[in-house]
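Reviewing the structure listed below.
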Amino acid sequence: ASRSHNIGVELGVTDHVAQLLEWKASYAYLDMVLDDYRSSVITSTGARQLVNFSGKRLPGLPRHHLNAEVQLRPLPRLGIGAEAEWQSTVYVETSNAREGMWYFPAGNSIQKVPFRALPSSALFHMNAEFRIGPGTLFGKIENVFRSRRTANVVTNEAFGRFYEPGSGTRTSVGLRMATTHD
């Protein structure tokens, strides 16, 4: 792109509602627009066509992202939490189409690959921790509801491999040790 304008804002807040309860929230807004951008694309006949993408949003990034977390401490050594994250639509190619066809040469023929923008989506996670002396036993369940998701978008991928799949439900446990220094 010869010119673009990018505006971003991120806001966050943390509040201890009571000694037993803490919540956090953050919101990010990204407005990334191509002001002057032209590029050639391959048509269904295999011809290259110059397209003006000026005014389109930068693909691969959501415009809005929201994260909220609540932590409950029913006992001094026990913490239980839940987290939700949401993001708006993510376009996979520069024309910002909700869906369409991507063409690329494959030997003597033209391959066509359908694509869709990623719709807005949400994920939910849960966590817990228990302190035992200098150690903390912790665990987390990510993607509690087993949402099928794309972890990463490869924008304008030449062969139509736009989507890198995300993991399903993932559970992790561990032990964190604190050390004291004299």
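The values are calculated or read from the model by the stated rules, or taken from the named source; none is laboratory data. What you see is a predicted model, and the numbers here were worked out from it, not measured in a lab. Methodologically, a virtual Cβ is constructed for each residue, glycine included, from the backbone with ideal geometry; neighbour enumeration extends over all protein chains shown. Side chains are part of the model used for accessible areas, which takes the heavy atoms of the whole protein and leaves out ligands, DNA and RNA. Shrake-Rupley method; radii C 1.70, N 1.55, O 1.52, S 1.80 Å.
Numerical summary
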item: Subset of the stretch 136-161 (residues that are aromatic (Phe, Trp, Tyr) and at pLDDT below 90); result: Phe159
item: Given (1) touching a Leu at 6+ places or on another chain (Cβ under 8 Å); (2) modelled with pLDDT of 95 or more; (3) loosely packed, with under 15 Cβ neighbours inside 10 Å; (4) within 20 Å of Phe159 (Cβ to Cβ), number of the condition Ser40 does not satisfy; result: (2)
item: Check on Pro114, outside any loop (DSSP other than H, G, I, E, B), open to solvent by 60 Å² or more (accessible area, probe 1.4 Å), touching a Phe, Trp or Tyr at 6+ places or on another chain (Cβ under 8 Å) and under 30 Å from Arg48 (Cα atoms); result: yes
item: Filter pass, Leu137 being over 28 Å from Arg38 (Cβ atoms), surrounded by 12 or more Cβ atoms within 10 Å (Cβ to Cβ) and either aliphatic (A, V, I, L, M) or out of contact with any Phe, Trp or Tyr (no Cβ under 7 Å at 6 or more places or on another chain) (or both); result: yes
item: Filter pass, Asn52 being among the polar types (S, T, N, Q), open to solvent by less than 30 Å² (accessible area, probe 1.4 Å) and touching a strand residue (DSSP E or B) at 6+ places or on another chain (Cβ under 7 Å); result: no
item: Some residue of the stretch 91-100 being touching a residue at least 24 places away in the same chain (Cβ under 8 Å), assigned to a strand (DSSP E or B) and open to solvent by 40 Å² or more (accessible area, probe 1.4 Å); result: no
item: Matching residues in the stretch 4-37 - criterion: being among the aromatic types (Phe, Trp, Tyr) and modelled with pLDDT of 95 or more; result: Trp23, Tyr27, Tyr29
